Amino acid sequence: MDTISETWGDLRNNVKSCGFSDCPRNRDKLPIFFDRSEDSLSKVKFLVLSQDPGANLRNEVPSGDPGEMEDYLIGGCKKDGPTGNTPINKMVKIFCHNFNPSTDEIYWTHALKCVPEDDRDIRCSSGWRKCAPYCREYFRKELQLLPTKELVIVALGNYALALCRDILMDRSLFYVGGIVTCVRKTDVNKSFAFGEKRVFLYPFIHPSKREMVLKRWDHDGKVAKKEEEFIRKIRKNLEVKC
Ligand SMILES: [Zn+2]
């Protein structure tokens, strides 16, 4: 497997050009990876892991230019954007303020950096199986390069959770189910070891599916309550009042 460099800038360059020579991504669908200056990395206390950059993004940024896409997403985090069940709106709701994922204490990244050949493929297991083993190495490196010794990961949806469980709990990368049970069972005070870091993992139902999932699987309301508990803990950690 190709090697990954040791600095944030090198990592970004590797992701953007994808250093994995047999990666299945479409060369026209470049990965999203927000830039960060090395000195802003020490600020990061929260990492939000989304599933993938999203096919709809290409409708919002018809040029498909990755720089423009990143600007669009960063702009959405920094100001009140369009309403809807998007990861950006979910993040702003959780953290209770707008932020800049390139400079602030909240860092945003995606489980799948490389978009597979077929957008529709992303959401089925074959797309995940093709790309996740490569993107896992990038995510591992992101975690290693963040200097904080205590990190809170907010995982949005099944695929983000699968990647975190693989890395933190040694579960199969390809097990993408069980988020409802996982949310229910997660202890807000439990942390995992990653090198010298303590990592807290707070999974959330993906915002685009949340309404449907809760309606179907959360008759006792415990999943929604647990998500609220995560949010309270995060805001306490951030010292924000809403
Ligand atoms: Zn790739």
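The values are calculated or read from the model by the stated rules, or taken from the named source; none is laboratory data. Predicted, not measured: the structure shown is a model, and the values here were computed from it. FYI the Cβ positions are ideal-geometry reconstructions off the backbone, even for glycines, and counts take in every protein chain you see.
Scan (1) in contact with a Lys or Arg (Cβ under 8 Å, 6 or more places away or on another chain); (2) hydroxyl-bearing (Ser, Thr, Tyr); (3) part of a loop (DSSP other than H, G, I, E, B) for the single condition residue 202 breaks and write down its number.
(3)
Return only the number of the condition from (1) surrounded by 19 or more Cβ atoms within 10 Å (Cβ to Cβ); (2) modelled with pLDDT of 85 or more; (3) within 16 Å of the ligand (Cβ to nearest atom) that residue 47 does not satisfy.
Every listed condition holds for residue 47 apart from (3).
So, in region 143-167, exactly how many residues are more than 24 Å from residue 224 (Cα to Cα) and part of a helix (DSSP H, G or I)?
5
Quick one: is residue 158 modelled with pLDDT of 90 or more and buried (at least 19 other Cβ atoms within 10 Å of the Cβ)?
Spelling it out, residue 158 is indeed modelled with pLDDT of 90 or more and buried (at least 19 other Cβ atoms within 10 Å of the Cβ).
Is it true that residue 84 is among the small types (Gly, Ala, Ser) and surrounded by 12 or more Cβ atoms within 10 Å (Cβ to Cβ)?
Answer is no for this residue.
With the checklist (1) more than 21 Å from residue 87 (Cβ to Cβ); (2) more than 16 Å from the ligand (Cβ to nearest atom); (3) under 18 Å from the mean Cα position of the chain (by Cα); (4) in a helix (DSSP H, G or I) in hand, flag the one item residue 184 doesn't pass.
(3)
Going by the structure shown, is residue 129 closer than 16 Å to residue 201 by Cβ and among the charged types (D, E, K, R)?
Answer is no for this residue.
Would you pick out the residues in region 123-140 that are at pLDDT 95 or above and either more than 13 Å from the ligand (Cβ to nearest atom) or touching a strand residue (DSSP E or B) at 6+ places or on another chain (Cβ under 6 Å) (or both)?
Passing the criteria: only 140.
I need the full set of residues from region 75-120 which are of a type in the set (S, T, N, Q) and either modelled with pLDDT of 90 or more or over 21 Å from residue 227 (Cβ atoms) (or both), in order please.
Scanning region 75-120 gives 89, 98, 100, 102, 103, 109.
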